[in-house]
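The next block holds one structure in the form of structure tokens; read it before the comments.
No lab work stands behind these numbers, since they all come straight from the coordinates. Values in this document were obtained by computation on a predicted structure and should not be read as measured data. Every residue, glycine among them, receives a Cβ derived from its backbone with ideal geometry; neighbour counts consider all protein chains shown.
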Amino acid sequence: MKITRISVHQLDLPLAKPYFLSGGRLKFEVLDSTFVRIDTDEGTHGWGEGCPWGVTYLPAHGKGIRAGLEEIAPVLIGEDPRQLDRINRLMDATLPGHPYVKSPIDIACWDILGKISGMPVCEILGAREPDPVPIASSISTGSPTEMMADIQYYRDKGYRVHSAKVGANVDLDIARITHMSENQQVGEKIFYDVNRSWLPREAITVMNAVDAANSWFEQPCETLDEIAMVRARTTQPICVDEGLHAFTDLNRIHRDGVAEIVNIKVNRVGGLTKACRLRDYCLETGISMLIMETGGSVLADTAAAHLAQSIPSVSCLGTWSCQEMLTIDPAPDQGARNIDGCFIAPAEPGLGVEPAMEFLGDPIAVYR
Ligand code: MG
């Protein structure tokens, strides 16, 4: 089997309402998403999506994906999409770094492998574990009562895991976390996602001031060095999210005991192939995981849902549904959808999502 054509589509995904991270420091209103279709000489095709949330979130952006694909895509024409390790080595040799550029290609190849195998992607990744995957809500930074109202909105949709975005104001953060923790229900998890905004001094102050059972603190500071400083001075569980880009980061997190949990975002780490290597390291070393995408439509959500579904629920704390926040759905009624606050990876071969061309329009680039 050979890759004969790679088509690239761009789609703006408007958020239903402006969204604030990192204590209000970062504001987002529309996501720039890239859809990649890979066609083969045997008639099978696959889809992948790359959406790095917004330009201020990570060292990644939508235009960067399309520019990187200009370099990578021509090299992949004629290659066998089923040989995922070779595809990834070719991409890394052609364009070192830039893992987020390669993710939609890698995902589309997994989609093809699933379709020709007659198996859903989670099963090729090693398992369909029996428990549905809990979806974490995404609670925009606000006042304590505003954030609690948002949690209630998601509770009504079945959510039992909540990602509450805090940061940037120590006194207000203590008030926010105290209010949410006091109103936390039995069986509910609330994790406090700082999105890098605290200095170590601030993180230590807040984390030692609050009583937050059944919770953890995500990416409290910018760097792994800073988080390691915090780790040594608090007993609260810590999750690394934006600080995990490559296998070497995870090795450092484990070796130095920086965190007990990592948030593996498929686009940020370069696709399902590389995310699987991180998954396996975490399973071998007892590190718990969140598995999600950096952003995107149901196509991106579903790729992450397949990986999450392959992990025993004791080790996978949840995923995230970006689709809930968008006003556009390019694959109506397909893929992983919220069922009582959980995703179940689709049973169809491959990813189980075929975007509708009426939403995507003509490709903006075709390589053949
Ligand atoms: Mg996070």
(message) Restricting to DSSP H runs of at least four residues, report the calculated mean residue ellipticity at 222 nm for the chain, -39500 (n - 2.57) per run over all residues, nearest 500 deg cm²/dmol.
(response) -11000 deg cm²/dmol
(request) Out of all DSSP beta bridges with both ends in the chain, state the antiparallel percent to the nearest 5. (result) 50 percent
(message) Given R₀ = 25 Å, what would the calculated FRET efficiency be for VAL55 paired with GLU324, taking r from the Cβ atoms and rounding to 0.05?
(response) 0.70
(request) For CYS316, list long-range residues whose amide hydrogen, built 1.01 Å from N in the peptide plane, is under 5 Å from its own amide hydrogen. (result) MET289
(message) Taking amide H atoms as placed 1.01 Å from N in the peptide plane, list the residues 5 or more away in sequence, or in a different chain, whose amide H sits under 5 Å from that of ILE139.
(response) SER163, ALA164, LYS165
(request) Taking 7 Å along the Cα-to-C-beta vector as the label spot, tell me the ASP225-GLU71 distance in nanometres, rounded to one decimal. (result) 2.7 nm
(message) Show me, for the stretch 157-168, the HN-Hα J-couplings you get by feeding each phi into the Karplus relation (A = 6.51, B = -1.76, C = 1.60, θ = phi - 60°), rounded to Hz, glycine and proline as x.
(response) 8, x, 5, 10, 10, 10, 9, 9, 8, 10, x, 6
(request) Take peptides 11-18, 129-136, 82-89 and line them up by average Cβ neighbours within 10 Å, highest first, as a rough protection proxy. (result) 129-136, 82-89, 11-18
(message) So for each of 219-225, 254-260, 350-356, 181-187 I average, over its residues, the number of other beta carbons within 10 Å; can you give me the resulting order with the highest mean first?
(response) 350-356, 219-225, 254-260, 181-187
(message) Helix 62-76 against the longest principal axis of the chain: what's the angle in degrees, Cα atoms only, rounded to the nearest 10?
(response) 40 degrees
(request) Considering only lysines 8 or more places apart in sequence, or on different chains, count the pairs in the stretch 123-343 whose C-alpha atoms sit under 19 Å apart. (result) 4
(request) Name the most mobile residue of GLY286, GLY296, GLY50, meaning the one with the largest mean-square fluctuation, in a Gaussian network model of the chain with Cα contacts below 10 Å. (result) GLY286
(request) Can you put CYS239, CYS316, CYS342 in order of Cβ neighbours within 10 angstrom, beginning with the fewest? (result) CYS342, CYS316, CYS239
